[in-house]
Amino acid sequence: MDCNDKFSIARSPYTPPEILAKLAADEDYLVRVGVAENPDTRSETLAKLASDIHDKVRVGVAHNPNTPPEILALLLTDESLSVRASVAHNPNTPPEILAKLASDVHDKVRASVARNSNTSPEILALLLTDESLSVRANVAHNPNTSPEILAKLVKDKDQYVRASVARNPNTPPEILALLLTDESLSVRANVARNSNTPVVV
């Protein structure tokens, strides 16, 4: 059986967990990636793959939406930026792990934290003044961001951040009203599309 066949089996939703466990030890890293990404892979197999020598395998584990929080915690301090960013992006990552990743040195990781629906309002507040545009824009668009923080982001110097506030489905009418006369066409267009925007007569 060649690598392509094994990779297809590793990614298939019909492959039994016990076969996936065997493929997790395959010498070809792409086969192991397929196992790491498969939502049917058992926790004990994912735990072994979390320490794989190849970072793309560890990314697969970090990205898998069924990876348990305790295994994601093992990847919290991984040397690979892509692994940490995948942990920060994973919908299964608990708030306490996201809180630690919020201070990561790389803005790609912090941006993924800011985008995650599990990130608490308190952590989003800490990212409010992040130097990275993408981080602040993701805070502005996160449904967990408090009205108090959104009100501050309305004054952000970058139109992309303000447009993200305007797009946020939870932005209160009074904050959207502040953006009705924004100098940016993109911001005003997003205000117009938001169902919370007050009707101006």
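Descriptive notes on the structure:
Okay, residues lined up against (1) in contact with a His (Cβ under 9 Å, 6 or more places away or on another chain); (2) aromatic (Phe, Trp, Tyr); (3) within 21 Å of residue 170 (Cβ to Cβ):
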| residue | (1), (2), (3) |
| --- | --- |
| 108 | no, no, no |
| 112 | yes, no, yes |
| 115 | yes, no, yes |
| 120 | no, no, yes |
| 128 | no, no, yes |
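- Check on residue 141, open to solvent by 10 Å² or more (accessible area, probe 1.4 Å), farther than 24 Å from residue 68 by Cβ and not polar (S, T, N, Q): yes
- The residue that is farthest from residue 70 (Cα to Cα), counting only those in the stretch 13-39 that are under 24 Å from the mean Cα position of the chain (by Cα) and exposed (fewer than 15 other Cβ atoms within 10 Å of the Cβ), is 13.
- Boolean, residue 19 is free of Cβ contacts under 8 Å to residues at least 12 places away in the same chain and part of a helix (DSSP H, G or I): yes
- Exclusive hit being over 23 Å from the mean Cα position of the chain (by Cα), loosely packed, with under 14 Cβ neighbours inside 10 Å and part of a helix (DSSP H, G or I), set 174, 183: 174
- Test: residue in the stretch 128-135 that is hydroxyl-bearing (Ser, Thr, Tyr), closer than 24 Å to residue 39 by Cα, touching a residue at least 12 places away in the same chain (Cβ under 8 Å) and open to solvent by 20 Å² or more (accessible area, probe 1.4 Å): no
- Taking the criterion of being hydrophobic (A, V, I, L, M, F, W, C) and part of a loop (DSSP other than H, G, I, E, B), the residues of the stretch 124-135 that qualify are 127, 128.
The values are calculated or read from the model by the stated rules, or taken from the named source; none is laboratory data. As the structure is a prediction and not an experimental result, all values here were calculated from the model. Neighbour counts run over all protein chains shown; Cβ positions are idealised from the backbone, glycine included. Protein only, heavy atoms only, side chains kept; ligands, DNA and RNA dropped before computing areas. Shrake-Rupley method; radii C 1.70, N 1.55, O 1.52, S 1.80 Å.
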